[in-house]
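**Q** First, the structure itself, so that you have it in front of you.
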Amino acid sequence: MKMIRVLSIAVAGALCATPALADPMSNGPARGSVPAGRDANNSFFVEGGGPGLLYSLNYERIVENDFGLRVGFSYTSFSASASSGGSTASASAAIITVPVIASYLGVSSGSNALEMGAGGTLVYASGSASGTGLASSGSGMMGLGTVILGYRRQPVDGGFQFRIGLEALVGKGLSLSNPDPNSFGVLPWMYMSLGFSL
């Protein structure tokens with residue numbers, strides 16, 4: 001907990017100090033900063049973990065050189081069956097997630113940036129089961145909040161993109177131990193992505 005507090009103070013200090021370091025008399029971009037005319041504003045990447053839960057395919061658009069708006073999609077399905085004594089039972093489930101995240105990338109040096117963002121993930125889940133004379137099915141939708149903090153390597157003129165970091169998922173039924181489906185909780189999560197920016 002102490003490490004999270006120290007990291008939060010460091011990030012807040014960096015954000016507050018960034019405008020103070022700018023030279024108002026400068027005609028061009030500061031040394032090591034992103035040029036005013038970013039050539040690669042569009043990114044496509046695959047992410048493991050993160051707001052898409054297990055994985056997601058994502059598109060992101062950089063606006064105003066410092067802000068990223070992203071949307072993703074993932075689909076996962078599971079099924080199982082068992083047989084014993086002439087009877088068979090089966091079950092299946094499917095999960096669809098759509099993460100939408102806004103990120104701030106203003107603390108950067110060339111192709112390297114501290115990524116800070118927040119958003120939400122829409123989760124749709126459905127499942128069914130059948131067994132000896134019984135069948136049942138159900139589906140539902142819920143939203144999860146998310147906050148991310150990580151490292152990003154994204155060349156300003158396009159090319160290979162890499163991201164890694166930590167996030168906190170916020171929503172009903174989330175917890176590291178003994179989750180209660182009726183109370184809100186926070187679940188720490190990680191993400192890593194590989195992609196390409198154009």
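**Q** S137: surrounded by fewer than 18 Cβ atoms within 10 Å (Cβ to Cβ), of a type in the set (G, A, S), touching a Ser or Thr at 6+ places or on another chain (Cβ under 9 Å) and not in a strand (DSSP E or B), yes or no?
**A** So S137 fails the test.
**Q** Can you tell me which residue is modelled with the lowest pLDDT among those in region 123-134 that are in a strand (DSSP E or B), more than 17 Å from G52 (Cβ to Cβ) and small (G, A, S)?
**A** Top of the filtered list is G131.
**Q** So which pairs qualify, if the first residue must be in region 179-198 and free of Cβ contacts under 8 Å to residues at least 40 places away in the same chain and under 16 Å from L166 (Cα atoms), the second must be among the aliphatic types (A, V, I, L, M) and part of a loop (DSSP other than H, G, I, E, B), the Cβ gap must be under 9 Å, and the two must be at least 6 apart or on different chains?
**A** From residues that are free of Cβ contacts under 8 Å to residues at least 40 places away in the same chain and under 16 Å from L166 (Cα atoms), the pairs are V186/L174; V186/L176; L187/L174; L187/L176; P188/L176.
**Q** Between a residue in region 131-146 that is in contact (Cβ under 8 Å) with a residue 24 or more places away in the chain and within 22 Å of S87 (Cβ to Cβ) and any residue that is hydrophobic (A, V, I, L, M, F, W, C) and surrounded by 12 or more Cβ atoms within 10 Å (Cβ to Cβ), which pairs come within a Cβ distance under 9 Å, given they are 6 or more apart or on different chains?
**A** From residues that are in contact (Cβ under 8 Å) with a residue 24 or more places away in the chain and within 22 Å of S87 (Cβ to Cβ), the pairs are G131/A89; G131/A91; T132/A89.
**Q** Still on this structure: Tell me yes or no: at least one residue of region 106-122 is within 24 Å of S77 (Cα to Cα) and either surrounded by 15 or more Cβ atoms within 10 Å (Cβ to Cβ) or among the β-branched types (V, I, T) (or both). It would help to see each step written out before you state the result.
**A** Of the residues in region 106-122, the ones within 24 Å of S77 (Cα to Cα) are 120-122.
Checking which are either surrounded by 15 or more Cβ atoms within 10 Å (Cβ to Cβ) or among the β-branched types (V, I, T) (or both) leaves us with 120-121.
Checked against the condition, which is being within 24 Å of S77 (Cα to Cα) and either surrounded by 15 or more Cβ atoms within 10 Å (Cβ to Cβ) or among the β-branched types (V, I, T) (or both), region 106-122 yields at least one hit.
**Q** If we scan region 172-183, do we find a residue that is farther than 19 Å from V100 by Cα and either assigned to a strand (DSSP E or B) or under 13 Å from the mean Cα position of the chain (by Cα) (or both)?
**A** no
**Q** Also, quick follow-up: Kindly indicate the residue of region 58-70 that is surrounded by 15 or more Cβ atoms within 10 Å (Cβ to Cβ) and part of a strand (DSSP E or B) and also farthest from the chain's Cα centre (by Cα) among those meeting that condition.
**A** To start, the set of residues in region 58-70 that are surrounded by 15 or more Cβ atoms within 10 Å (Cβ to Cβ) comprises 58, 60, 62, 65-66, 68-70.
With part of a strand (DSSP E or B) added as a condition, the list becomes 58, 60, 62, 68-70.
Working: N58: 9, E60: 12, I62: 16, G68: 12, L69: 12, R70: 9 Å.
The qualifying residue farthest from the chain's Cα centre (by Cα) is I62.
**Q** Hey, could you check region 35-53 for residues that are surrounded by fewer than 14 Cβ atoms within 10 Å (Cβ to Cβ) and touching a residue at least 24 places away in the same chain (Cβ under 8 Å) and say which is nearest to G165 (Cα to Cα)? So that I can check it myself, show each step before the final result.
**A** To start, the set of residues in region 35-53 that are surrounded by fewer than 14 Cβ atoms within 10 Å (Cβ to Cβ) comprises 35-37, 39, 42, 44.
Filter once more, so that each one left must be touching a residue at least 24 places away in the same chain (Cβ under 8 Å): 35-36, 39, 42, 44.
Details: P35: 25, A36: 26, D39: 25, N42: 20, F44: 18 Å.
The selected residue is F44.
**Q** Okay, next question. Is it fair to say G171 is over 19 Å from E115 (Cβ atoms), in contact (Cβ under 8 Å) with a residue 12 or more places away in the chain, out of contact with any helix residue (DSSP H, G or I) (no Cβ under 8 Å at 6 or more places or on another chain) and surrounded by 16 or more Cβ atoms within 10 Å (Cβ to Cβ)?
**A** On the way: over 19 Å from E115 (Cβ atoms): yes; in contact (Cβ under 8 Å) with a residue 12 or more places away in the chain: yes; out of contact with any helix residue (DSSP H, G or I) (no Cβ under 8 Å at 6 or more places or on another chain): yes; surrounded by 16 or more Cβ atoms within 10 Å (Cβ to Cβ): yes.
So G171 passes the test.
**Q** Which of the residues belonging to region 148-171 are under 14 Å from the mean Cα position of the chain (by Cα) and closer than 24 Å to S108 by Cα? Spell out the reasoning first.
**A** So in region 148-171, the residues under 14 Å from the mean Cα position of the chain (by Cα) come out as 148-152, 162-170.
I148, L149, G150, Y151, R152, F162, R163, I164, G165, L166, E167, A168 - these are the residues of region 148-171 that are under 14 Å from the mean Cα position of the chain (by Cα) and closer than 24 Å to S108 by Cα.
The values are calculated or read from the model by the stated rules, or taken from the named source; none is laboratory data. A quick note: this is a predicted structure, and the numbers were derived from the prediction, not measured. Here the Cβ is made from the backbone with ideal geometry for all residues, glycine too, and neighbour counts use every protein chain on show.
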